[in-house]
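Chemist: The structure's right below; bear with me while I get my questions together.
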Amino acid sequence: MSIKFKVTGRKNPQDRTVPEKYYASVVNSGHVDVDELSKRIAYSSSTNRSDVYAVLMALLDIIPMELAEGRIIKLGKLGSFSVLINSEGSETPEEVGNANIKTVKVRYIPGKELKEEAKKFSFTKISG
């Protein structure tokens, strides 16, 4: 199986007079939710589906709590989660406070093994 992609034209937002360039853009073929993941994991292991589901749901509860404590979540070969913030600058260190923080994001960095597996993906160009 391969990942399908289509060609998408995009203008340069910094210079609209420049001719557009064309890029590959992934065409998603659906989604897999927690229910389906728990079913597939249970099928490929000795754990039953309800136990797998419970562990996945607990992980979804615990990760935000740990991130809120300023911790990096390391999940071995799967990768890690951490918090990133963007803030406005101030003239002095004393002026920097909560109001300076404009966005909060959760960053995911895949583990080495997952990155290596991604290098093996194949792609198929589709029209449209």
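Chemist: Inspect all residues belonging to segment 25-34 and state whether any of them is open to solvent by 90 Å² or more (accessible area, probe 1.4 Å) and more than 18 Å from the chain's Cα centre (by Cα).
Modeler: The answer is no; no qualifying residue exists.
Chemist: Of everything in segment 44-77, what is touching a Ser or Thr at 6+ places or on another chain (Cβ under 8 Å) and open to solvent by less than 60 Å² (accessible area, probe 1.4 Å)? Give them in sequence order.
Modeler: Those that are touching a Ser or Thr at 6+ places or on another chain (Cβ under 8 Å) and open to solvent by less than 60 Å² (accessible area, probe 1.4 Å): 52, 56, 67, 73.
Chemist: I'd like to know if segment 9-22 contains one or more residues that are open to solvent by 100 Å² or more (accessible area, probe 1.4 Å), aromatic (Phe, Trp, Tyr), within 28 Å of residue 120 (Cβ to Cβ) and not in a helix (DSSP H, G or I).
Modeler: yes
Chemist: Determine whether residue 41 is modelled with pLDDT of 90 or more, in contact with a Phe, Trp or Tyr (Cβ under 7 Å, 6 or more places away or on another chain) and open to solvent by less than 80 Å² (accessible area, probe 1.4 Å).
Modeler: no
Chemist: Take residue 53 and decide whether it is assigned to a strand (DSSP E or B) and free of Cβ contacts under 8 Å to residues at least 40 places away in the same chain. Give the steps one after another, and end with the answer.
Modeler: Numbers: assigned to a strand (DSSP E or B): no; free of Cβ contacts under 8 Å to residues at least 40 places away in the same chain: yes.
Taking the combined requirement at face value, the residue does not satisfy it.
Chemist: Filter segment 104-128 down to the residues that are touching a residue at least 24 places away in the same chain (Cβ under 8 Å), small (Gly, Ala, Ser) and surrounded by fewer than 12 Cβ atoms within 10 Å (Cβ to Cβ) and list them by number. Break it down into steps so the answer makes sense when it comes.
Modeler: Of the residues in segment 104-128, the ones touching a residue at least 24 places away in the same chain (Cβ under 8 Å) are 106-114, 121-128.
From what is left, the residues that are small (Gly, Ala, Ser) are 111, 122, 127-128.
Answer for segment 104-128, where residues must be touching a residue at least 24 places away in the same chain (Cβ under 8 Å), small (Gly, Ala, Ser) and surrounded by fewer than 12 Cβ atoms within 10 Å (Cβ to Cβ): 122, 127, 128.
Chemist: While we're here: Mind checking which residues of segment 56-78 are under 20 Å from the mean Cα position of the chain (by Cα) and part of a loop (DSSP other than H, G, I, E, B)?
Modeler: So in segment 56-78, the residues under 20 Å from the mean Cα position of the chain (by Cα) come out as 56-68, 70-78.
Residues satisfying the conditions are 70, 71, 72, 75.
Chemist: Can you report the number of residues in segment 79-103 which are assigned to a strand (DSSP E or B) and open to solvent by less than 100 Å² (accessible area, probe 1.4 Å)?
Modeler: 11
Chemist: Here are 29, 38, 45: which of them is within 30 Å of residue 60 (Cα to Cα), part of a loop (DSSP other than H, G, I, E, B) and without any contact (Cβ under 8 Å) to a residue 24 or more places away in the chain?
Modeler: Testing whether each residue is within 30 Å of residue 60 (Cα to Cα), part of a loop (DSSP other than H, G, I, E, B) and without any contact (Cβ under 8 Å) to a residue 24 or more places away in the chain leaves just 45.
The values are calculated or read from the model by the stated rules, or taken from the named source; none is laboratory data. What you see is a predicted model; the values in this text were computed from it and never measured. Positions of Cβ are backbone-derived with ideal geometry, glycine not excepted, and every protein chain shown enters the neighbour counts. In case anyone asks, the SASA skips ligands and DNA or RNA and just uses the protein heavy atoms, side chains included. Shrake-Rupley method; radii C 1.70, N 1.55, O 1.52, S 1.80 Å.
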